[in-house]
Amino acid sequence: MNLDPRPSVIDERLKNVRRIIAVTGWKGGIGKSVTACALALLLAKKGYKTGLFDLDFAGASDHLILGAKGLFPKEEKGLEPPLLEGIKFMSVVFFSENKAVPLRGANVSDAIIELLAITQWGDLDFLVLDMPPGINDAALDVMRFARKAEVLAVTTPSLIARDVLARSLELYRGLKVPVLGVVENMSEGGKAKGAAAVIRRDSGLEKALGRPAALLKTAFSADLGRALKPLGLS
Ligand SMILES: Nc1ncnc2c1ncn2[C@@H]1O[C@H](COP(=O)(O)OP(=O)(O)OP(=O)(O)O)[C@@H](O)[C@H]1O
Ligand SMILES: [Mg+2]
């Protein structure tokens, strides 16, 4: 008998969330976080009720990308995410005070599941999850507990990133997690084989980090915006 109450608590919490988009890619530093943040901004701008959850304990970065300052969830029958640019924003960084969190695998997993169980997302059209690199207990648990999750896979033109991607897609197939499509980031131009969309390398991106309005005006966001339709996100 399974006495763990969390799966049903999480189901209840995510009941009014229409779609959950897990931005993954397994390899580090390929643009998962900027993609997750820009995606949340683009969806919110289109009028969708949007949430963003940064799940990367070791390297939370969405608060930097979006310039979140002085925000903290409110305790109200659980945790209510603060609003940032119209996005309900939750991050593990709220609980780590910007210090490195020396949690071991099972603890990271527990902490993420706990946060999924107590966060009050309310009504959302989209909840975007910024997944940590790699596939570990925590990442697998997110997929197990957030049962509606669909994967948006990020890769780069590098042979190495593509190889890691192919293995990750195989695993999602095995887990029966739907994959929306692959975005090839940091492309030098041209259509990538097997990718639903291409995001070019954008030398202006770095300067826009921390400023959501500027981020929305980058070539990066324009490319991602064009990808929404092929990915079935608008
Ligand atoms: N298309 C692009 N053009 C220029 N710079 C980019 C592009 N995509 C991402 N970057 C830059 O690459 C760096 C890594 O991006 P990001 O942090 O989003 O990667 P990540 O996959 O989330 O990394 P991690 O695995 O550490 O979580 C950032 O400095 C980001 O601004
Ligand atoms: Mg990241």
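The values are calculated or read from the model by the stated rules, or taken from the named source; none is laboratory data. If you're wondering where the values come from, they're calculated on a predicted model, not measured in any experiment. So basically every Cβ, Gly included, is an ideal-geometry build from the backbone, and we count neighbours across all protein chains shown.
Here the stretch 174-207 is the region considered, the condition is being part of a helix (DSSP H, G or I) and free of Cβ contacts under 8 Å to residues at least 12 places away in the same chain, and the residue that is nearest to ligand 1 (Cβ to nearest atom) is GLU206. Figure legend. Inter-residue proximity from the stretch 40-56: first residues in contact (Cβ under 8 Å) with a residue 12 or more places away in the chain and closer than 20 Å to ALA117 by Cα, second residues more than 16 Å from ligand 2 (Cβ to nearest atom) and part of a helix (DSSP H, G or I), beta-carbon distance below 7 Å, spacing 6+ or different chains. Indicated pairs: THR50/LEU43; THR50/ALA44. Close contacts from the stretch 218-234, counting a first residue that is hydrophobic (A, V, I, L, M, F, W, C) and a second that is surrounded by fewer than 22 Cβ atoms within 10 Å (Cβ to Cβ), with Cβ to Cβ under 6 Å and a gap of 6+ residues or different chains, come to ALA219/ASP202; PHE220/ASP202; PHE220/LEU205; LEU228/SER234; LEU231/LEU180; LEU231/GLY181; LEU231/ALA196.
Screening the candidates LYS88, LYS69, LYS77 for the property of being buried (at least 18 other Cβ atoms within 10 Å of the Cβ) and either within 16 Å of ligand 1 (Cβ to nearest atom) or of a type in the set (Lys, Arg) (or both) yields one hit, LYS88. Taking the numbered list (1) within 11 Å of ligand 2 (Cβ to nearest atom); (2) out of contact with any strand residue (DSSP E or B) (no Cβ under 7 Å at 6 or more places or on another chain) in turn, LEU42 passes all entries but (1).
How many residues are among the basic types (Lys, Arg) and under 16 Å from the mean Cα position of the chain (by Cα) when one looks only at the stretch 40-95?
Restricting attention to the stretch 40-95, the residues satisfying the condition of being among the basic types (Lys, Arg) are 45-46, 49, 69, 74, 77, 88.
From what is left, the residues that are under 16 Å from the mean Cα position of the chain (by Cα) are 49, 88.
Total satisfying the criteria: 2.
Scanning the stretch 123-161 for residues that are at pLDDT below 95, assigned to a loop (DSSP other than H, G, I, E, B) and away from ligand 1 (no atom under 16 Å from the Cβ) yields ALA146, ARG147, LYS148. Just one of the listed residues (ALA153, ALA197) is under 30 Å from ASP110 (Cβ atoms) and crowded, with 19+ Cβ neighbours inside 10 Å, and it is ALA153. Applying the set (1) surrounded by fewer than 21 Cβ atoms within 10 Å (Cβ to Cβ); (2) without any contact (Cβ under 8 Å) to a residue 24 or more places away in the chain; (3) touching an Asp or Glu at 6+ places or on another chain (Cβ under 8 Å) to PHE94 leaves exactly one unmet item: (3).
In the stretch 152-168, of all residues being in contact with a helix residue (DSSP H, G or I) (Cβ under 7 Å, 6 or more places away or on another chain) and of a type in the set (A, V, I, L, M, F, W, C), the one that is nearest to MET186 (Cα to Cα) corresponds to VAL154. One residue stands out among those in the stretch 1-47 that are at pLDDT below 95 and assigned to a helix (DSSP H, G or I): the one that is surrounded by the most Cβ atoms within 10 Å (Cβ to Cβ), which is ILE10. Every listed requirement among (1) at pLDDT 90 or above; (2) within 17 Å of the chain's Cα centre (by Cα) is met by GLU170 save one, (2).
In the stretch 119-137, which residues are small (Gly, Ala, Ser) and over 25 Å from LYS74 (Cβ atoms)? Write out each step before concluding.
Looking only at the stretch 119-137, we keep the residues that are small (Gly, Ala, Ser), and these are 122, 134.
Matches in the stretch 119-137: GLY134 only.
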